Amino acid sequence: MENVTKVYGREGSEIRALNEVSLFIPRGTFTALMGPSGSGKSTLLHCALGLETPTSGSLWLGDKRVDGLDEVQLTEVRREHVGYVSQSFNLVAALNVAENILLPRRLARLPEDRAWFDEIVERVGLQDRVGRFPAQLSGGQQQRVAIARALANRPDVVFADEPTGSLDTFMAKETLTQLRACVDETAQTVLLVTHDPVAASFADTVLFLADGRVVDRTDAPTAARVAELMTRLGAPLHCP
Ligand code: ADP
């Protein structure tokens, strides 16, 4: 991201959700994004996903410039390079685990890749459950399906938006371990938006947003250090 600004509203009642944000997230790293409510986390994520168009500035994915693409081109970029995991797992209730995981590939009319399917299913530990339906799984298991689905297209980057928000501590840890494995085992890039210092401690780097700007960062974070920096920003802490 280079000098990305996003302004909502009209002149006179403008909200500067992002204010000249420049960010370089290296390939194969795990970055957590934190900040008080209203600091611009969702806007940043939506701009990075191409769901919002920045008012000014440029966005890159690898060496491809992605701002200013039309919807068809953006869909192609997302399909080929981007995985997305959210708080609500967004699984299709009528499809079983295998069908849910394979859905993005089917929608993209990509050929089956049996070896990759087997690998991701094994990685998230769902080998015994591929025939089950979402309602037959725990929250943590459903999130593992969502992660496997996000990996189905071998994305370069996985965006995770509060993926542990509705999980208990044990299941949250499981989910974060899976995201960590995306970086450590398959050199993918992960950007995690979270309120939880423990979740952020799984990242290599934590970036702190306030009033639409990156105001601080910490490398090799511990939960205690993250909590301290968040408190300094005046943000209420999420304690699982
Ligand atoms: P966060 O995710 O950190 O809570 P957001 O990115 O949602 O922050 O919001 C940043 C600022 O932009 C807030 O002041 C919010 O009210 C404003 N904002 C976000 N989306 C819109 C929108 N669609 N229209 C107008 N204002 C918005």
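The values are calculated or read from the model by the stated rules, or taken from the named source; none is laboratory data. This structure is a prediction, so every number in the text was calculated from the model and none was measured. Backbone-built Cβ (ideal geometry, glycine too); neighbour counts: all protein chains shown. In case anyone asks, the SASA skips ligands and DNA or RNA and just uses the protein heavy atoms, side chains included. Shrake-Rupley method; radii C 1.70, N 1.55, O 1.52, S 1.80 Å.
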Run the accessible area of the chain with a 1.4 Å probe and give the carbon-and-sulfur part as a rounded percent.
50
If contacts are Cα pairs under 8 angstrom and at least 6 residues apart, what is the relative contact order of the chain in percent?
28
How big is the antiparallel share of DSSP beta bridges in the chain, given as a percent to the nearest 5?
45
Might you tell me the accessible area per residue for the chain, computed with a 1.4 Å probe and given in Å²?
49
Residues of the range 135-172 with amide N under 20 Å of a point placed 7 Å along Cα→Cβ from Ala108:
144-161
Filtering trypsin sites (Lys or Arg not before Pro) in the range 103-178 by DSSP loop and by at most 12 other Cβ atoms within 10 Å leaves Arg109
Burial ranking of peptide ranges 183-192, 220-229 (average Cβ count within 10 Å, highest at the top)
183-192, 220-229
Those GluC sites (Glu not before Pro) in the range 1-66 that DSSP places in a loop and that have at most 13 other beta carbons within 10 Å
Glu11, Glu14
